[in-house]
């Protein structure tokens, strides 16, 4: 497989894109824009818990990646709206499926977490020696 498109390769640029899209704020911003353009304050209000700093940083990254467009309406004061580009719009199907899966399966995952926590198996995972 081509190392430029194989996200399992450490130097694959796709890893950075994967991080931008699947990070908490990137995923929520793209999902929030699925129904059309929103202003910064509308995005902030829609995405509970995101700071203005994180929202601005993530919007810049997604804009750089070509997933969202920043449109400035020349008025006083200027109005800025964000919307998905055609490339970003391609993400909506798979992304919404992921969000819907999470919504459906969260009770099962929370139950598994509770069982795990109650069982006392709090050992570190990741090393398989």
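Data for the structure
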| item | result |
| --- | --- |
| The chain: calculated mean residue ellipticity at 222 nm from DSSP helix runs of at least 4, using -39500 (n - 2.57) | -18500 deg cm²/dmol |
| Rounded FRET efficiency, nearest 0.05, which uses the C-beta distance separating residue 87 from residue 39 and R0 of 22 Å | 0.55 |
| D (Stokes-Einstein, µm²/s), Kirkwood Cα radius, the chain, 1.567 mPa s at 4 °C | 76 |
| Between helix 86-119 and the chain: long-axis angle, C-alpha atoms, 0 to 90°, nearest 10 | 30 |
| The chain, relative contact order [Cα under 8 Å, separation at least 6], % | 20 |
| Segment 1-62 versus segment 73-108: alpha-carbon centroid distance in Å | 9 |
| Gyration tensor verdict on segment 52-100 (Cα atoms; rounded if a/c is under 1.5, prolate if a/b is larger than b/c, oblate otherwise) | prolate |
| Of 119, 41, 89, the one that fluctuates the most in a GNM where the chain has Cα springs shorter than 10 Å | 119 |
| Residue of 12, 81, 96 that the Gaussian network model of the chain assigns the largest fluctuation, springs spanning Cα pairs under 10 Å | 12 |
| Rounded tilt (10° steps) of 52-64 against the dominant C-alpha axis of the chain | 80 |
| Highest average packing first - 97-107, 65-75, Cβ atoms within 10 Å | 65-75, 97-107 |
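Values quoted throughout were computed directly from the atomic coordinates according to the rules given, and no laboratory measurement underlies them. All values reported here derive from a predicted model rather than from experimental measurement. So basically every Cβ, Gly included, is an ideal-geometry build from the backbone, and we count neighbours across all protein chains shown.
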